[in-house]
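Please read the structure below before turning to the comments.
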Amino acid sequence: MFGSQFYNQATSWAEIRSVLDVMESGRWTSVYTYDHFLPPRTREDEVLETDTLDTLEGWSLLAAIAAVTSKLQLGVLVSGNTYRNPALLAKMAATIDEVSSGRAILGIGAGWNVREHMAYSWDFPSMKERSDRLEEACELIHLLFTSEGLVDYEGEYYTLKQAPFAPKAYQPKGQWNPRAARNKIPVMVGGTGPKRTLKTLALYGDIMNVIASPEQLKAHAEVLNEHCEAIGRDPTEIQKSVHVPIRIVRDEQRAKEIRGDNDWTMIGSVQYVIDRCADFIEAGVDEFCLQSILQRPDVYQELDEEIFSAFD
């Protein structure tokens, strides 16, 4: 139920490894990296001083994490579709699934960081085209994960011609979600767009991931249910996850300042954080993809012992 997204910047493998040891021995269930090539501090194309911080690549880092862990589910939260051909991305996820004995999750989104696209000369299409590309990419990945034999696909942006794809999935049916309809690597679609992103999720995805309050999560889930009903899919096949900050701050005045207008963020006293966790669970959350956690073993241990233990 409780996962964490590591930050890839201004860190080291030794620091990450020390946190993984705590996660593996505790109640943590999943670990994610992010898909950024410089610290994601802006949605504009401005060049910042922080751009030069050491930043580890997410999928390479995830492969290393797979090799030194045994229980945590593993994902990139989430891969920018504009950064890689989706068939390559599917092969990368399948390889990590094999290495990890079936713990991989393929996270994918439309892509948003204009600064990265500018820095590395990647095309940054309109929002409509990025949404179109995301839907095609998810359809192509779904075909590769579920089809037998060689795969053909002809889309506007992507094409497969007699493409082999093996191995497909190490993990047995039901390992990540007992309600899942098929044996495959789960695809996490990040985003809340009601007309395109949630429709793409209903068509081809397995996990919804959103940044949202409990009330917003319920509203997104209702839209997702409508898309599922329109295509004849059981919405319970799709897990719900939220990407929210968590931090124990024992000074309530300071906690209020940090939360600002977002009282649903899990920042505050131990009981405050436990209560916010309970709100999300009541709203239907299957997994917390927690963010903004200091990458220190003692911080991860504290959350495990003081927060997660309340939900044993």
| query | ³J(HN,Hα) across the stretch 130-145 via Karplus (A = 6.51, B = -1.76, C = 1.60, θ = phi - 60°), whole Hz, x for Gly/Pro? | reply | 5, 5, 4, 4, 4, 4, 4, 4, 5, 5, 5, 4, 4, 4, 4, 6
| said: Run the reach check for LYS168 against aspartates and glutamates, Cα to Cα strictly under 14 Å, same-chain hits fewer than 8 apart removed. What comes back? | reply: ASP97, GLU98, GLU148
| If the limit is 29 Å between Cα atoms, which of LYS71/LYS91; LYS195/LYS240; LYS71/LYS199; LYS161/LYS199 go over it? | LYS71/LYS199
| field | Cα radius of gyration and Dmax for the stretch 245-296 (Å) | value | 10.9, 31
| task | Starting from the Cα gyration tensor of the chain, take the square roots of the eigenvalues, sort them a ≥ b ≥ c, and report rounded, prolate or oblate (rounded when a/c is under 1.5, otherwise prolate if a/b is larger than b/c, else oblate). | result | rounded
| field | Relative packing of peptides 195-205, 85-95, 118-128, 15-25 - highest average C-beta neighbours within 10 Å first | value | 195-205, 85-95, 15-25, 118-128
| Counting other C-beta atoms within 10 Å, which of GLU222, GLU49 has the fewest, and how do the rest follow? | GLU49, GLU222
| message | How tilted is helix 13-25 with respect to the longest principal axis of the chain? Cα atoms for both, answer in degrees (0 to 90, nearest 10). | response | 80
| message | Using only DSSP helix segments of four residues or longer, with each worth -39500 (n - 2.57), what per-residue ellipticity at 222 nm results for the chain after dividing by its residue count and rounding to 500? | response | -12000 deg cm²/dmol
| Under 5 Å, built H, 5+ apart or other chain: amide partners of GLY193 | LEU198
| Among ALA67, TYR153, TRP112, which residue has its Cα positioned farthest towards the positive end of the charge dipole of the stretch 62-160, with +1 placed on the Cβ of Lys and Arg, -1 on the Cβ of Asp and Glu, and the dipole taken about the Cα centre? | ALA67
| Mean shadow area of the stretch 57-120 over all directions, Cα convex hull, nm² | 4.2
| 0 to 90° range, to nearest 10: angle between helix 270-282 axis and the chain longest Cα axis | 30
| field | In degrees, nearest ten, helix 58-68 long axis to first principal axis of the chain (Cα) | value | 70
| the stretch 224-312, dipole about Cα centre (Lys/Arg Cβ +1, Asp/Glu Cβ -1), debye to the nearest 20 | 360
| What share of the DSSP beta bridges in the chain is antiparallel, in percent to the nearest 5? | 10
| Under the classification rounded if a/c is under 1.5, otherwise prolate if a/b is larger than b/c and oblate if not, where does the stretch 1-111 fall, given a ≥ b ≥ c as square roots of the Cα gyration tensor eigenvalues? | oblate
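Taken together, the values in this text are just the output of simple stated rules run on the coordinates, not laboratory data. The shown structure was predicted, so the numbers you read here are calculated from the model rather than taken from an experiment. Cβ: placed from backbone, ideal geometry, glycine included. Neighbour counts: every protein chain shown.
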